[in-house]
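Inspection log for the structure reproduced underneath, given as structure tokens.
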Amino acid sequence: MSADNGIYILKARDQYRVAHLCAIDNVSWSIIDGNWQNKKETRWKCVPTRVVEMWGKCKYTRDENVAYRIAHKWANSLSICEYGVNVITYNKTWKHIIEDAKEYAKKEIDFIRNYGNVDNHNIELLKSISDGSFFIN
């Protein structure tokens, strides 16, 4: 059985966030469009709502070296870290990622309402992203 986990550093234009995640391929999954991953490219096509779901509650640093130290220390503390430390680049500032996620969450909610429930997805989480309450600690 696969652990399907890793330590993933989100590299935005203005900061780094580190998270221990499973099923990282979900970062490219959209309720509306399915999988955004372009098979011809090796880069992830990140869906903004998934990025916020995965890294939105993480502390951030503006120092790349600090992010790598945190990630490697975390990976070394795990009994299994199948994919090790990896970087996912999203070429926007965190503020713009949040703005994109709020707008895209509204579209995903509308899609769910119009086409039925989507298995394994929490509409309350999408609502909290779209109205901004997700970001209030």
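Miscellaneous remarks
- Filter result (open to solvent by less than 50 Å² (accessible area, probe 1.4 Å) and hydrophobic (A, V, I, L, M, F, W, C)) within segment 1-36: Ala3, Ile7, Ile9, Leu10, Ala12, Val18, Ala19, Leu21, Ala23, Ile24, Val27, Ile31
- Failed item, numbered, when Ala101 is tested on (1) assigned to a helix (DSSP H, G or I); (2) of a type outside the set (Val, Ile, Thr); (3) at pLDDT below 95; (4) under 20 Å from Asp25 (Cα atoms): (3)
- With respect to the conditions (1) of a type outside the set (Gly, Ala, Ser); (2) modelled with pLDDT of 95 or more; (3) within 27 Å of Asp4 (Cα to Cα); (4) exposed (fewer than 15 other Cβ atoms within 10 Å of the Cβ), Glu124 falls short on a single one, namely (2).
- Restricting attention to segment 17-36, the residues being in a strand (DSSP E or B), under 19 Å from Gly84 (Cα atoms) and in contact (Cβ under 8 Å) with a residue 24 or more places away in the chain number 5.
- Some residue of segment 60-74 being within 17 Å of Cys22 (Cβ to Cβ) and modelled with pLDDT of 95 or more: yes
- Subset of segment 69-93 (residues that are surrounded by 15 or more Cβ atoms within 10 Å (Cβ to Cβ) and either among the small types (Gly, Ala, Ser) or out of contact with any strand residue (DSSP E or B) (no Cβ under 7 Å at 6 or more places or on another chain) (or both)): Ala71, Ala75, Lys92
The values are calculated or read from the model by the stated rules, or taken from the named source; none is laboratory data. Keep in mind the model is a prediction, meaning the values are calculated, not measured. Cβ sites come from the backbone with ideal geometry, for glycine too, and all protein chains shown count toward neighbours. Quick note on the areas: whole protein, heavy atoms, side chains included, nothing else; ligands and nucleic acids left out. Shrake-Rupley method; radii C 1.70, N 1.55, O 1.52, S 1.80 Å.
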